[in-house]
């Protein structure tokens, strides 16, 4: 019996996602969202666009540590995200400490993430993606757990897993 295995995004090298990131998100779309926020972003290594890439890379990487993110950025993989093309990011990182990245994540406004998500969804919807000729929809995997009232159970049924019915 032959089965078709669909690769998940995690099966790919996280760095391979960079071309899609560059295509869907840009400094011109992220910086206005960051400047609307009350927090000021000085000329730091971890600008909003770099932080956004680092957050995505950290999540998709097989090693989810902040240390891995610093190694990735120091390798030059995010140099093209620098606002000043003459000053790439990688040589400006002098330490292996994750403190600057960690502090940047704390400063990073939620509004920028929401803008990035909305811009990405809009861009993907405009391209009308397809997989094997079938339209692809964006789903975020959000679930809502509600109390199993009699009305809900009657309408939607109950869940079951290897431990039985819930």
By residue number, the members of the stretch 74-109 that are touching a residue at least 40 places away in the same chain (Cβ under 8 Å), in contact with a helix residue (DSSP H, G or I) (Cβ under 9 Å, 6 or more places away or on another chain), under 26 Å from residue 23 (Cβ atoms) and assigned to a helix (DSSP H, G or I) are 80, 81, 101, 104, 105
Looking for whichever is modelled with pLDDT of 85 or more and surrounded by 10 or more Cβ atoms within 10 Å (Cβ to Cβ) here; the options are 109, 88, 148, 83. Which one fits?
-> 88
Which numbered condition trips up residue 67, out of (1) more than 22 Å from residue 23 (Cα to Cα); (2) more than 15 Å from the chain's Cα centre (by Cα); (3) exposed (fewer than 10 other Cβ atoms within 10 Å of the Cβ)?
-> (3)
Residue identified as in contact with a helix residue (DSSP H, G or I) (Cβ under 7 Å, 6 or more places away or on another chain) and surrounded by 10 or more Cβ atoms within 10 Å (Cβ to Cβ) among 120, 127 | 120
Inter-residue pairs, beta-carbon under 7 Å, first touching a residue at least 24 places away in the same chain (Cβ under 8 Å) and in the stretch 112-138, second exposed (fewer than 14 other Cβ atoms within 10 Å of the Cβ) and assigned to a loop (DSSP other than H, G, I, E, B), 6+ apart = 124/138
Go through 88, 109, 83 for me and flag whichever is over 19 Å from the mean Cα position of the chain (by Cα) and within 14 Å of residue 48 (Cα to Cα).
-> 83
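The values are calculated or read from the model by the stated rules, or taken from the named source; none is laboratory data. In this text, all values refer to a predicted model and were calculated from it rather than measured experimentally. No Cβ is skipped: glycine too gets one built from the backbone with ideal geometry, and neighbour counts run over all protein chains shown.
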